[in-house]
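Would you mind keeping the following structure in view while I ask a few things?
The values are calculated or read from the model by the stated rules, or taken from the named source; none is laboratory data. The structure presented is a predicted model; accordingly, all values stated were derived computationally and were not measured. Using ideal geometry, Cβ is built from the backbone for each residue, glycine included, and neighbour counts are taken over all protein chains shown.
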């Protein structure tokens, strides 16, 4: 069995654990939390009638030493600096790392020194480290790059993702500036407390590097999305006149001309304002391509699925820090996960198990 530990039991972490428990060839051997759920059985956290037999623990070293997992999935932070220590701990126990930290999807431009440090450590310890998720990791970068496969040249890329923030946890709500006055929102942007979407500075370089599209600078803008109706979730109450989310965009320019335009207006329950969600990708070149996914690829489910479905590719990849551009074509896995390991031809020297025998 492929042994997996889930590190982080917030909204995304719990969803990842639930998906892992349902997949063939995967054995959940541990769960690590900071405060939420510590001491509880995973089954209790997921609302199951019966316990799973695995309790959430806050001693990561103990969990990893006792379980020796093949993969650890980190669901604890959006930033490179927020997962550095955890990656180091996983490396000490020889576990590959999949993280949904947005900056980790392509950290080379914003955190070049830390990226080199992670890559060096991963190669030294013989592990693979990958940042992924629905976005960044899929909709506004790797999916776009894959679509250019059918073109002879690309002049400009414009993509817009309109999604619902409701499935996300409190941290994301705070990063999006939900539930504030317009003045509070703008002050939060100026003070760096409101980030909007974390990932444009990863997605644009990922696309550009993948297809060789040059740019000079990236300019970002963040504007509040004001609600005219009442919106309520388990985490936030939004009254008319308060912010429901953030309209965040980033444009990469080459010689003053936009070459990559990414827009990501996110808000809680956009349908209450009559707004239809969706992913919209326009590639202008030879030929032009226009792709629409409606409604949007669900943020919560998409993130959970991305972190789990990529496990075989991570296990089959050489040691080091990787991005989705290094992975073979990702896809849903309906059979035994072990059937999909090492199909890319790479077999790690000194592998901990012979998956060929298992399958």
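Which one of these is at pLDDT below 95, outside any loop (DSSP other than H, G, I, E, B) and on the phi < 0 side of the Ramachandran plot: 148, 171?
Values: 148 fails: at pLDDT below 95.
Among 148, 171, only 171 is at pLDDT below 95, outside any loop (DSSP other than H, G, I, E, B) and on the phi < 0 side of the Ramachandran plot.
Of everything in region 97-137, what is within 30 Å of residue 159 (Cα to Cα), touching a residue at least 40 places away in the same chain (Cβ under 8 Å) and assigned to a loop (DSSP other than H, G, I, E, B)? Give them in sequence order.
Answer for region 97-137, where residues must be within 30 Å of residue 159 (Cα to Cα), touching a residue at least 40 places away in the same chain (Cβ under 8 Å) and assigned to a loop (DSSP other than H, G, I, E, B): 100, 106, 107, 108, 109, 110, 132, 133, 134, 135, 136, 137.
Give me the residue from region 82-96 that is in contact with a strand residue (DSSP E or B) (Cβ under 7 Å, 6 or more places away or on another chain) and outside any helix (DSSP H, G or I) and, out of that set, surrounded by the most Cβ atoms within 10 Å (Cβ to Cβ).
Residues of region 82-96 that are in contact with a strand residue (DSSP E or B) (Cβ under 7 Å, 6 or more places away or on another chain), as a first pass: 83, 86-87, 90, 95-96.
Those left that are additionally outside any helix (DSSP H, G or I): 83, 95-96.
On the way: 83: 28, 95: 24, 96: 24.
Looking at residues that are in contact with a strand residue (DSSP E or B) (Cβ under 7 Å, 6 or more places away or on another chain) and outside any helix (DSSP H, G or I), I get 83.
Is there a residue in region 188-197 that is surrounded by 16 or more Cβ atoms within 10 Å (Cβ to Cβ), assigned to a helix (DSSP H, G or I) and at pLDDT 95 or above?
Checking region 188-197: at least one residue is surrounded by 16 or more Cβ atoms within 10 Å (Cβ to Cβ), assigned to a helix (DSSP H, G or I) and at pLDDT 95 or above.
Quick one: which residue in 233, 221 is without any contact (Cβ under 8 Å) to a residue 60 or more places away in the chain and either over 21 Å from residue 156 (Cβ atoms) or out of contact with any helix residue (DSSP H, G or I) (no Cβ under 8 Å at 6 or more places or on another chain) (or both)?
Numbers: 233 fails: without any contact (Cβ under 8 Å) to a residue 60 or more places away in the chain.
Going through 233, 221 in turn, the sole match is 221.
Would you mind finding the one in 140, 147, 74 that is crowded, with 24+ Cβ neighbours inside 10 Å and under 30 Å from residue 285 (Cα atoms)? It would help to see each step written out before you state the result.
Numbers: 147 fails: crowded, with 24+ Cβ neighbours inside 10 Å; 74 fails: under 30 Å from residue 285 (Cα atoms).
Of the residues listed, the single one that is crowded, with 24+ Cβ neighbours inside 10 Å and under 30 Å from residue 285 (Cα atoms) is 140.
In this structure, is residue 171 closer than 30 Å to residue 320 by Cβ, in contact with a helix residue (DSSP H, G or I) (Cβ under 8 Å, 6 or more places away or on another chain) and not assigned by TED's automatic domain parsing to the domain that holds residue 327?
Answer is no for this residue.
Within region 138-156, track down each residue that is closer than 24 Å to residue 305 by Cβ and over 21 Å from the mean Cα position of the chain (by Cα).
Once the filter is applied, which keeps residues that are closer than 24 Å to residue 305 by Cβ and over 21 Å from the mean Cα position of the chain (by Cα), region 138-156 yields 148, 149.
Another question, if that's okay. Among the residues of region 30-58, count how many are outside any helix (DSSP H, G or I) and in contact (Cβ under 8 Å) with a residue 12 or more places away in the chain. Lay out the reasoning, then the answer.
Restricting attention to region 30-58, the residues satisfying the condition of being outside any helix (DSSP H, G or I) are 30-41, 47-58.
Narrowing the set further to residues that are in contact (Cβ under 8 Å) with a residue 12 or more places away in the chain leaves 30-41, 52-58.
Residues that pass the stated criteria total 19.
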